[in-house]
1. State whether region A:124-181 is rounded, prolate or oblate according to the following rule on the C-alpha gyration tensor (a ≥ b ≥ c being the square roots of its eigenvalues): a/c under 1.5 gives rounded; otherwise a/b larger than b/c gives prolate, and the remaining case gives oblate.
2. Apply the Karplus curve 6.51 cos²θ - 1.76 cosθ + 1.60, θ = phi - 60°, to the phi angles in region B:259-266 and return the couplings in whole Hz, x for Gly and Pro.
3. Could you tell me the distance between the Cα centroids of region B:153-211 and region A:132-185, to the nearest Å?
4. What residues qualify as long-range amide H neighbours of A:VAL180, i.e. H under 5 Å apart, gap of 5 or more or another chain, H built at 1.01 Å from N?
5. If you filter region B:193-265 for trypsin sites (Lys or Arg not before Pro), then keep DSSP loop positions with at most 14 other Cβ within 10 Å, what is left?
6. Which cross-chain or sequence-distant (5 or more) residues have an amide H under 5 Å from the amide H of A:PHE136, H modelled 1.01 Å from N in plane?
7. Applying 1/(1 + (r/R0)^6) with R0 = 35 Å to the Cβ-Cβ distance of B:ALA257 and A:ASP314, what FRET efficiency is obtained, to the nearest 0.05?
8. Pull up the cross-link candidates among the lysines for A:LYS94, meaning alpha carbon to alpha carbon under 25 Å and not fewer than 8 places away within one chain.
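We did not get these values from a lab; they are worked out from the coordinates using the rules stated. Since the model is a prediction, treat every value here as computed from it, not as a measurement. Glycine also receives a Cβ, built like all others from the backbone with ideal geometry; neighbour counts cover every protein chain displayed.
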Amino acid sequence: MTENTDTTGTESRPDPLTPVLTRRWQLDRSWSIDTYERTDGYTALRTALAAHPDQLINLVKDSGLRGRGGAGFPTGMKWSFIPQGPTGAGAKPKYLVINADEGEPGTCKDIPTMMADPHSLIEGCVITSYAIRANFCAIYVRGEALHCIRRLRRAVEEAYAKGYLGRDILGSGFDLDIVVHAGAGAYICGEETALLDSLEGRRGQPRLKPPFPATSGLYASPTVVNNVETIASVPDIVAGGSAWFRTMGTERSPGPKIYSLSGHVERPGQYEAPLGTTLRELLELAGGMKDGIPLKFWTPGGSSTPLFTAEHLDVPLDFEGAAAAGSMLGTTAVQIFNETVSVPWAVMKWTEFYKHESCGKCTPCREGTYWLVQILERMVHGEGTPEDVDTMLDICDNILGRSFCALGDGATSPITSAIKYFRQEFLDLIAAQPAVARPEQLADLTGASA
Amino acid sequence: MTLPEGNPEMNSREVTGPVEVTWTPVAADGPIVSPSYDEVTRQRAKEIIARYPQSRSALLPMLHLVQSVEGHVSQEGIRFCAELLDLTTAEVSAVATFYTMYKRTPCGEHLVSVCTNTLCAALGGDDIYARLQARLGTEDRPLGHEETAGEPGTPGSITLEHAECLAACDLAPVIQVNYEYFDNQTVESAEELVDALRRGEKPHPTRGAPLTDLRTVELELAGFHPDLAAVAEGPSIAPETVRGAALADERGWQAPARPAEHPALPPLPEKKS
């Protein structure tokens with residue numbers, strides 16, 4: 001994987017937009033099995049079931065597909081960690097769990113995918129389950145995504161009726177049942193081990209790793225947890241091959257990706273483009289900044305990915321590019337904010353979110369997010385003190401890397417990146433406020449001037 | 001990463017906590033569970049349990065089922081789940097109190113959720129929430145988070161809440177009514193929406209199935225759809241959803257062509273050892 005092994009000899013760049021996952025979305029009743037089958041649906045499943053499961057794992061490894069839920073872990077490698085064989089952990093039942101608990105602020109790609117093309121996910125689930133030798137698959141959908149839940153359950157019903165699910169699928173001897181499971185409103189359940197606890201009927205709190213889900217996941221059995229977009233990509237990889245998949249994106253971040261543009265942009269929406277597309281290119285496709293008001297800050301992949309500014313318009317939005325520029329690709333939830341938005345206010349709102357969603361299991365995150373909200377709310381409401389910026393950085397330092405899971409780390413991202421790029425805005429905001437030793441004095445001050 | 005089997009703390013099936021104290025009821029013998037949990041509901045709970053390899057996985061859907069019966073998670077509902085899953089009421093309460101969709105007090109016919117996360121808020125979500133609080137509150141007091149305008153459960157009653165990101169950011173600001181999407185809202189459109197709900201009307205969501213009420217929707221979340229093929233229809237594709245796909249069509253852009261036939265899969269690796 002270190003050398004360019006492109007044997008087709010084509011150096012041509014793909015088109016600026018490459019609809020693969022989104023290619024059916026404009027079709028009439030795109031969610032029905034009729035439409036799906038008419039557009040090559042469930043043909044990859046036949047190819048897959050005729051192969052050895054390990055060949056599918058190798059195919060996905062060769063394709064370079066990386067997890068689309070934010071972390072970017074190589075999918076084929078994750079599948080290969082599932083112990084196989086007649087003894088030890090390999091003898092236990094294996095499970096596939098789909099993380100459809102889309103809730104990272106700004107992220108809105110999986111919900112349209114499940115609404116518009118649920119069968120691509122179902123077909124991906126059958127192929128993946130066959131590859132990892134799972135006979136039970138749960139799709140954990142956040143409860144608020146009610147219509148997705150209906151569409152998926154309908155798709156599952158249709159797939160059973162056609163013999164794509166159930167006993168002896170298409171005469172292969174392979175059995176699979178899928179349950180579409182509704183969550184109940186908790187951002188933390190997007191964290192894979194919290195999701196597993198939730199799916200087991202518990203409070204959704206993360207588990208200590210190791211052991212990893214690959215050996216000790218659902219019901220302490222080997223489990224693959226993958227994101228919706230990841231698994232919905234699998235049928236196309238089987239149908240097109242790894243070389244085709246690699247014609248899009250970059251060497252280490254191959255394939256197409258759904259970029260979700262939201263906020264102060266003329267035409268917000270879902271744009272599926274090769275990985276490595278820049279914000280400058282995406283903004284051009286989306287008609288530029290709304291009303292021509294200049295860009296101030298943006299997130300490359302949800303609120304847990306450190307902010308970028310107008311300096312970062314040409315950062316290639318792939319796993320390596322975003323990381324090299326000091327952020328993360330995350331879920332490619334590109335939230336765009338113009339000059340009218342106050343950075344301390346935006347950071348306060350995000351921090352209120354993390355405080356609300358912190359599961360309370362570990363102290364740095366539970367206490368840290370609580371105190372960060374206290375400081376930010378006080379500051380935004382006119383009672384900041386000159387020490388606040390340093391205090392917040394100090395608290396973030398005590399959360400980052402010291403929390404149980406990535407929620408705590410994510411909570412520090414907006415704050416530390418905002419202070420990095422917009423420190424003066426925080427200082428100016430505080431300087432413009434009346435100097436108070438104690439917040440409760442403020443009421444007297446404002447009362448006196450009225 | 002190969003570790004001793006299992007994770008005793010998180011995965012143990014045996015509950016080793018203290019034995020729950022059972023008080024002798026003062027009243028005569030009778031069912032512990034309220035009569036509101038009738039045979040149909042019990043049967044549904046058993047169907048939910050049968051879906052999973054292990055029964056406790058049924059707890060979240062069963063709590064949705066409880067809300068479909070009572071409009072919130074009551075103590076009786078907690079006992080109902082505990083009894084059927086062989087859990088203590090403390091274990092069920094611990095779960096019910098963790099998740100925001102489980103409401104501890106009776107809700108209105110409709111639940112109106114306004115996204116006030118950063119992006120929606122910047123585009124008007126905070127203003128929408130403030131206006132709805134005032135509109136649904138009394139003259140001297142705006143309606144608070146998870147409070148209900150009207151008598152809970154009666155037609156036209158509304159429980160209001162501010163919600164975290166509802167994953168429709170390209171359609172911001174968004175509101176959900178009973179978890180159906182009303183996209184691209186303004187202060188005015190949101191006010192018209194709740195006024196219509198208060199009058200007993202059921203405006204059609206931008207995306208989703210025709211509005212019913214919160215209890216019907218909770219039954220759906222538990223896995224019981226009145227007519228799945230029918231409710232799975234309805235609009236779901238906003239112009240924003242297909243902006244990229246439509247632009248690609250317009251410009252003649254597409255993904256690189258796939259091979260005509262499915263390519264051969266990579267060979268099996270050599271057997272190790």
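1. Working: a/c = 3.10, a/b = 1.69, b/c = 1.83.
Taking the square roots of the gyration eigenvalues as a ≥ b ≥ c, region A:124-181 is oblate.
2. My calculation for region B:259-266 gives x, 4, 10, 5, x, 4, 6, x Hz in order.
3. One Cα centre to the other: 29 Å.
4. For A:VAL180, whose amide H was placed from the backbone, the distant partners under 5 Å are A:ILE139.
5. Values: sites: B:ARG198, B:ARG199, B:ARG207, B:ARG215, B:ARG243, B:ARG251; in loops: B:ARG199.
Answer by residue number: B:ARG199.
6. Hits under the 5 Å cutoff: A:LEU96, A:ASP177.
7. Details: r = 29 Å, r/R0 = 0.83.
Efficiency at R0 = 35 Å is approximately 0.75.
8. Within the straight-line cut-off, A:LYS94 pairs with A:LYS61, A:LYS78, A:LYS162, A:LYS209, B:LYS46, B:LYS271, B:LYS272.
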